[in-house]
Amino acid sequence: MSLSPDRESATPPATVGDSSGGPDGAPPRKTKKTRAPVVIPAWPDDPVFLPELSALIRAGDCCGLWEGKSDAHILRGYVLGQAQRRAIPILGEPDPRVLRRLKTYYQAVGVAIGRRTGTIASPVIELSNEGFGRVVLTAGRLVAVSRSLRDVHRFGFDDLAALDAAGAALVEEGATLIAAHPSLIEL
């Protein structure tokens, strides 16, 4: 069955989402997606823990994503201001990117303890779906570091200096306990 000549030339009515262009038949205008500028946090003077954390992140980069980027650029996901933290809802499960940052942070603490003492402290992280739980770093039979976790959805630090200070404090705590109880390290 063929259409009559006048029906073949008729243009179909425009529908929502139709990309046929404007009323004059011009092609549709393409809109550019603009990204917010990347804010790179300031690098602190003489960091203790940050080089360990950035080295661990670079070691896990199998696709070259972080190649050519500064350590401050790599660690910018760990920096959240107070307003940014308040804007993050704590309902539901934590974002997988936040969980990856949390896991990498405590792995870097364990590796830094290992570099300092010769015994790597392995992290064990137990979290509920609401973002509450506990992290324990063990070295042999010794619990070198133990922390309660809450509001994991909002895991982050005010700046890189605060991140460095918190990581260095955990490394110091773990190294001190390992030095005080060397008999518990041997399995």
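Would a scan of the range 36-52 turn up a residue that is open to solvent by 80 Å² or more (accessible area, probe 1.4 Å), farther than 21 Å from residue 174 by Cβ, in contact (Cβ under 8 Å) with a residue 40 or more places away in the chain and not small (Gly, Ala, Ser)?
yes
Would a scan of the range 145-160 turn up a residue that is touching a residue at least 24 places away in the same chain (Cβ under 8 Å), surrounded by 21 or more Cβ atoms within 10 Å (Cβ to Cβ) and acidic (Asp, Glu)?
Checked against the condition, which is being touching a residue at least 24 places away in the same chain (Cβ under 8 Å), surrounded by 21 or more Cβ atoms within 10 Å (Cβ to Cβ) and acidic (Asp, Glu), the range 145-160 yields no hits at all.
Which residues, counting only those in the range 59-87, are free of Cβ contacts under 8 Å to residues at least 24 places away in the same chain and either among the hydroxyl-bearing types (Ser, Thr, Tyr) or part of a loop (DSSP other than H, G, I, E, B) (or both)?
Within the range 59-87, 61, 62, 63, 64, 65, 66, 67, 68, 69 meet the criteria.
Given the options 139, 179, name the one that is over 29 Å from residue 89 (Cβ atoms), surrounded by fewer than 15 Cβ atoms within 10 Å (Cβ to Cβ) and in contact with a helix residue (DSSP H, G or I) (Cβ under 8 Å, 6 or more places away or on another chain).
Exactly one residue qualifies, and that residue is 179.
Quickly run through the range 99-153 and pick out the residues that are in a helix (DSSP H, G or I), under 22 Å from residue 85 (Cα atoms) and out of contact with any Gly (no Cβ under 8 Å at 6 or more places or on another chain). Break it down into steps so the answer makes sense when it comes.
So in the range 99-153, the residues in a helix (DSSP H, G or I) come out as 99-117, 152-153.
In the following step, the residues that additionally are under 22 Å from residue 85 (Cα atoms) were identified as 99-106, 152-153.
Within the range 99-153, 99, 100, 102, 103, 106 meet the criteria.
Return the only residue of 177, 91, 99 being free of Cβ contacts under 8 Å to residues at least 12 places away in the same chain and not small (Gly, Ala, Ser). Steps first, answer last, please.
Details: 177 fails: free of Cβ contacts under 8 Å to residues at least 12 places away in the same chain; 99 fails: free of Cβ contacts under 8 Å to residues at least 12 places away in the same chain.
On inspection, the qualifying residue turns out to be 91.
Which of the following residues is over 21 Å from residue 185 (Cβ atoms) and buried (at least 17 other Cβ atoms within 10 Å of the Cβ): 91, 102?
Going through 91, 102 in turn, the sole match is 102.
Of 69, 30, which residue is open to solvent by 50 Å² or more (accessible area, probe 1.4 Å) and at pLDDT below 90? Please lay out each step first, then the result.
Numbers: 69 fails: at pLDDT below 90.
Among 69, 30, only 30 is open to solvent by 50 Å² or more (accessible area, probe 1.4 Å) and at pLDDT below 90.
Considering only the range 126-146, I want to know if a residue exists there that is within 17 Å of the chain's Cα centre (by Cα) and farther than 21 Å from residue 79 by Cα.
Yes, the range 126-146 has at least one match.
For the subset of the range 108-136 comprising residues that are over 24 Å from residue 47 (Cβ atoms) and polar (S, T, N, Q), which member is most open to solvent (accessible area, probe 1.4 Å)?
129
So if I check each of 40, 74, 57, which one is touching a helix residue (DSSP H, G or I) at 6+ places or on another chain (Cβ under 6 Å) and within 23 Å of residue 131 (Cβ to Cβ)?
Step by step, each of 40, 74, 57 is checked, and only 57 is touching a helix residue (DSSP H, G or I) at 6+ places or on another chain (Cβ under 6 Å) and within 23 Å of residue 131 (Cβ to Cβ).
The values are calculated or read from the model by the stated rules, or taken from the named source; none is laboratory data. As the structure is a prediction and not an experimental result, all values here were calculated from the model. Neighbour counts are summed over all protein chains in view; Cβ atoms, including those assigned to glycine, are modelled from backbone coordinates with ideal geometry. Ligands, DNA and RNA are stripped out before the accessible areas are found, and what is left, the full protein with its side chains, is counted by its heavy atoms. Shrake-Rupley method; radii C 1.70, N 1.55, O 1.52, S 1.80 Å.
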